[in-house]
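Undergrad: Can you read through this structure? Questions will come right after.
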Amino acid sequence: MSRQIKRNLREKAPAILFGTGNINLLNYKGIGFVGSRNCGKSDEAVAVHYVDEINHHGFQVVSGAAKGI
């Protein structure tokens, strides 16, 4: 995996790459969200709907695990 990152990013590749979890998930296409830290119930419902749709189409959702959406 690190060779592929270095090949694709060249001089922009990070010197150190740290991660936790299942490394095989890096082989799947993913979509990241940028959302509000302060959200209401209706905002959460919409986010869940979009995540379900994205998963239904074979993508994973990437999250930074911050508070909010």
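The values are calculated or read from the model by the stated rules, or taken from the named source; none is laboratory data. Please read these numbers as outputs of a predicted model, since none were measured by experiment. In this analysis, Cβ positions are derived from the backbone assuming ideal geometry, glycine residues included, and neighbour counts consider all displayed protein chains. Surface accessibility is based on the protein's heavy atoms, side chains included, excluding ligands, DNA and RNA. Shrake-Rupley method; radii C 1.70, N 1.55, O 1.52, S 1.80 Å.
Undergrad: Among the residues of the stretch 1-17 satisfying the criterion of being free of Cβ contacts under 8 Å to residues at least 24 places away in the same chain and in contact with a Leu (Cβ under 8 Å, 6 or more places away or on another chain), which is surrounded by the most Cβ atoms within 10 Å (Cβ to Cβ)?
TA: Among residues in the stretch 1-17 that are free of Cβ contacts under 8 Å to residues at least 24 places away in the same chain and in contact with a Leu (Cβ under 8 Å, 6 or more places away or on another chain), the one surrounded by the most Cβ atoms within 10 Å (Cβ to Cβ) is Ile5.
Undergrad: Can I ask one more? For the stretch 5-21, give me the residue count where each residue is acidic (Asp, Glu) and not in a helix (DSSP H, G or I).
TA: Looking only at the stretch 5-21, we keep the residues that are acidic (Asp, Glu), and these are 11.
Narrowing further to those that are not in a helix (DSSP H, G or I): none.
So the count comes out to 0.
Undergrad: Moving to a separate point now. Which of the residues belonging to the stretch 18-69 are open to solvent by less than 90 Å² (accessible area, probe 1.4 Å), in contact (Cβ under 8 Å) with a residue 12 or more places away in the chain and of a type in the set (D, E, K, R)?
TA: Selection gives Asp43, Glu44.
Undergrad: Evaluate the stretch 56-68: report whether one residue or more is touching a Ser or Thr at 6+ places or on another chain (Cβ under 6 Å) and not in a helix (DSSP H, G or I).
TA: yes
Undergrad: Shifting gears a bit: Hey, among Ser63, Ser36, Ser42, which residue is modelled with pLDDT under 80 and more than 15 Å from the chain's Cα centre (by Cα)? Let's see the steps before the verdict.
TA: Details: Ser63 fails: more than 15 Å from the chain's Cα centre (by Cα); Ser42 fails: modelled with pLDDT under 80.
Of the residues listed, the single one that is modelled with pLDDT under 80 and more than 15 Å from the chain's Cα centre (by Cα) is Ser36.
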